[in-house]
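Chemist: Supplied in structure tokens, the structure appears directly below.
Bear in mind these aren't lab numbers, they're just calculated from the coordinates by the rules spelled out. Here the structure is a predicted model, which is why all the values come from computation and not from measurement.
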């Protein structure tokens, strides 16, 4: 399935606009670049914080292991 078709399906089934899902970000000071792939992050809106986590399933994935990984990723200790 092409990415455009997947994006359309996501738009139909999710009740919110995704915005950023995952991306590369970094800091360049003119001499050195520090960068990383952002797969876990908190999006700040005027009245709320939204925790987001990236992931994916392929044809070779063990669905039970992927589900367990998702549960471990979304744990947020709140103090």
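Chemist: Taking 0.36 nm per residue of separation and subtracting the Cα-Cα distance, what length does fully extending residue 50 through residue 24 add?
Modeler: Stretched fully, the residue 50-residue 24 segment lengthens by 7.5 nm.
Chemist: Which of these values of mean projected area of the Cα convex hull in nm² was calculated from the structure shown: (i) 7.0; (ii) 5.6; (iii) 8.9?
Modeler: Working out mean projected area of the Cα convex hull in nm² from the coordinates points to (iii).
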